[in-house]
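Take this structure first; my questions come after.
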Amino acid sequence: MIQARNLRKKYGGVAAVDDLSFDVRPGVVTGFLGPNGAGKSTTIRLMLGLDRGEGETLFDGVPYRKLRQPLREVGYVSDVRALHPGRKARTHLRMLAASQGISRKRVDEVLDWVGLTTVAKKRPRAYSLGMVQRLGLAAALLGDPRVLILDEPANGLDPAGIQWLRGFLRAYAAEGRTVFVSSHQLAEMSQMADHLVVIGQGRLIADEPADVFAGRS
Ligand code: ADP
Ligand code: ADP
């Protein structure tokens, strides 16, 4: 369960995130919807303490900085393009795993889950954008996190890839985990999410079941 309370962030006097409060419940996929520039990435960065701002976010009652193993408890990859393009995918994941005390066996497991086993010896430079997205997801899943936060994970996926991602996220959430996924596309989100938190210009527009929101839009 994530509880975000009164999040605020200004850039040069302009509010990018303007008093946002919402909950993200376990067991369902929650979409974070808003047009480009609405403040989704900034909100996520505030939630994880990666940006300075106002407000508080609790993960099962605990702020991110007080989690015992934050990288393992909260799966997040800010920008998959930051993943080393010249390093083989498996090597990259093994390094990430080693730095978090996670086994090599786990690396092979997550590569298998995201469907990258056969290409894990290639370098991401040679990957399609969809494959880079899968690699980012693999990195976020390494620690078997009970909270998964993904920023625009469907970007660059083809319809089959989106279908796969949707199934994956549903199954992950169905294990009682908390899944929070951003997107700027309503059509994509209404396929992927059970519940929507919708923002515009840094403010909350809706917080309701996805079918209710889609029915009104
Ligand atoms: P989204 O993820 O929904 O596309 P962002 O959180 O990236 O939105 O951006 C929200 C607003 O904050 C935008 O107006 C953007 O231009 C602004 N912004 C984001 N990052 C910075 C920054 N580092 N410096 C100045 N303005 C920023
Ligand atoms: P390095 O010290 O080599 O940069 P890090 O462990 O700091 O390695 O992270 C490398 C990459 O892994 C970054 O792109 C980061 O966004 C991503 N990453 C993986 N898991 C997490 C997480 N739970 N929280 C934040 N970043 C993560």
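Report ³J(HN,Hα) in whole Hz for each residue of the stretch 56-67, in order, from the Karplus equation J = 6.51 cos²θ - 1.76 cosθ + 1.60 where θ = phi - 60°; Gly and Pro get x.
So the Karplus estimates, Gly and Pro as x, are 8, 10, 10, 10, 6, x, 10, x, 3, 5, 9, 5 Hz.
How large is ³J(HN,Hα), in whole Hz, for each residue of the stretch 25-39 in order, when computed from phi with the Karplus curve 6.51 cos²θ - 1.76 cosθ + 1.60 and θ = phi - 60°, using x for Gly and Pro?
3J(HN,Hα) across the stretch 25-39, in whole Hz: 8, x, x, 9, 8, 9, x, 10, 10, x, x, 3, x, 5, x.
Continuing with this model, one more query. Computed over the Cα atoms of the stretch 150-217, what is the convex hull's projected area averaged over all directions, in nm²?
Values: hull surface 19.1 nm².
Mean shadow area of the hull around the Cα atoms is 4.8 nm².
Still on this structure, I have one more. Summing Lys, Arg as +1 and Asp, Glu as -1, what charge do residues with Cβ under 12 Å from the Cβ of S217 carry, S217 excluded? Intermediate values should be presented prior to the final figure.
Working: positive: R216; negative: E208, D211.
Around S217, the charge tally is -1.
I'd like the distance between the alpha-carbon centres of the stretch 89-114 and the stretch 123-157, rounded to an integer number of Å.
13 Å
Compute log10 of I(q)/I(0) for the chain with the Debye formula, placing one identical point scatterer on every Cα and leaving out solvent, at q = 0.08, 0.14, 0.17 Å⁻¹, to two decimals.
Cα-only, vacuum Debye calculation for the chain: -0.27, -0.84, -1.22.
Shifting gears a bit: Amide H to amide H, which residues 5 or more places from L148 or on other chains are under 5 Å from it, using H placed in the peptide plane?
Placed amide hydrogens put G75, T178, V179, F180 under 5 Å from L148.
Quick one: check the C-alpha center-to-center distance for the stretch 164-212 versus the stretch 9-59, whole angstrom.
Here the answer is 14 Å between Cα centres.
If you don't mind, there's one more thing I want to ask. By DSSP, what percent of the beta bridges with both residues in the chain are antiparallel, rounded to the nearest 5?
Numbers: 21 of 38 bridges.
Within the chain, antiparallel bridges account for around 55 percent of the total.
So, with +1 on the Cβ of K and R and -1 on the Cβ of D and E, and no other charges, what is the size of the charge dipole of the stretch 66-215 about its Cα centre, to the nearest 20 debye? Let's see the in-between values first.
On the way: 21 positive and 15 negative charges, 229 e Å.
Charge dipole of the stretch 66-215: 1100 debye, to the nearest 20.
For the stretch 1-36, state which trypsin sites (Lys or Arg not before Pro) are in a DSSP loop and have at most 16 other beta carbons lying within 10 Å of their beta carbon. The partial results should precede the final answer.
On the way: sites: R5, R8, K9, K10; in loops: none.
Answer by residue number: there is no such site.
Treating cross-link reach as a plain straight distance, find the lysines whose alpha-carbon is under 24 Å from the alpha-carbon of K40, omitting any fewer than eight places away in the same chain.
K40 reaches K9, K10, K66.
Heavy atoms only, probe 1.4 Å: what % of the accessible area of the chain goes to carbon and sulfur, would you let me know? Don't skip to the end; give the middle numbers.
On the way: 5170 of 10490 Å².
C and S fraction of accessible area: 49 percent.
So, counting K/R as plus one and D/E as minus one, what does the shell of residues with Cβ under 10 Å around T30 add up to?
Numbers: positive: R25; negative: D23, D194, D207.
Once all neighbours under 10 Å are counted, the net charge is -2.
Name the long-range amide H neighbours of V17: under 5 Å, sequence gap of 5 or more, or other chain; modelled H, no Pro or chain starts.
Correct list: K9.
What number comes out for accessible area per residue over the chain if the probe is 1.4 Å? Units Å², please.
Values: 10490 Å² over 217 residues.
Ligands and nucleic acids excluded, the result is 48 Å² per residue.
Which percent, to the nearest 5, of DSSP beta bridges fully inside the stretch 116-217 are antiparallel?
Values: 6 of 10 bridges.
In the stretch 116-217, approximately 60 percent of DSSP beta bridges are antiparallel ones.
With charges set only on the Cβ (+1 for Lys and Arg, -1 for Asp and Glu), what does the dipole of the stretch 44-119 come to about its Cα centre, in debye to the nearest 20? Intermediate results must be reported in sequence, preceding the final value.
Working: 14 positive and 9 negative charges, 93 e Å.
Once rounded to the nearest 20, the dipole reads 440 debye.
For the chain, what is the calculated [θ] at 222 nm in deg cm²/dmol (nearest 500), taking -39500 (n - 2.57) for each run of four or more DSSP H residues and dividing by its residue count? Don't skip to the end; give the middle numbers.
Details: 8 runs with 76 residues, N = 217.
About -10000 deg cm²/dmol.
Could you work out the local net charge near H195, counting Lys and Arg as +1, Asp and Glu as -1, over the other residues with Cβ closer than 9 Å to its Cβ? If you can, show how the numbers build up before the last one.
On the way: positive: R25; negative: D194, D207, E208.
My count for the surroundings of H195 gives -2.
The values are calculated or read from the model by the stated rules, or taken from the named source; none is laboratory data. No experiment lies behind these values; they were computed from the predicted model shown. Note that we place each Cβ from the backbone using ideal geometry, even for glycine, and neighbour counts take in every protein chain shown. Heavy atoms of the whole protein, side chains included, go into the accessibility calculation; ligands, DNA and RNA do not. Shrake-Rupley method; radii C 1.70, N 1.55, O 1.52, S 1.80 Å.
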